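The block underneath contains the structure these notes are about, expressed in structure tokens.
Each value in this text was obtained by applying a stated rule to the coordinates, not by laboratory testing. What you see is a predicted model, and the numbers here were worked out from it, not measured in a lab. With ideal geometry, Cβ positions are generated from the backbone for all residues, glycine too; neighbour counts draw on all protein chains shown.
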Amino acid sequence: MSTHEIDPTPLLGRSLEESREALLARAVPLPPRGEMIIEGLTDDEEHRFLDAIAEA
């Protein structure tokens, strides 16, 4: 437990969550499906992995 006192006045009425618009503005799109490859996977493992992502 902290022994420091905090003045909550500056936080009253403010949300710590960001708006949907702010989050979407910072979002980075996923690369094309063909570029989402993990090195060292067999072709079968790669296809199963990508299919699992597509189903999620």
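Please work out the Cα convex hull volume for the chain and give it in Å³ per residue. Walk me through the intermediate numbers first.
Working: hull volume 12.1 nm³, N = 56.
It is 215 Å³ per residue.
Residues with beta-carbon under 15 Å from that of Gly40, excluding Gly40: net charge, scoring Lys, Arg +1 and Asp, Glu -1? Don't jump to the answer; show the numbers that get you there.
Working: positive: Arg48; negative: Glu39, Asp43, Asp44, Glu45, Glu46.
Once all neighbours under 15 Å are counted, the net charge is -4.
Where does the longest stretch of the chain lie that holds no GluC sites (Glu not before Pro) found in a DSSP loop with 14 or fewer other Cβ atoms within 10 Å?
Details: sites that count: Glu5, Glu17, Glu18, Glu39.
Here the longest run is 19-38.
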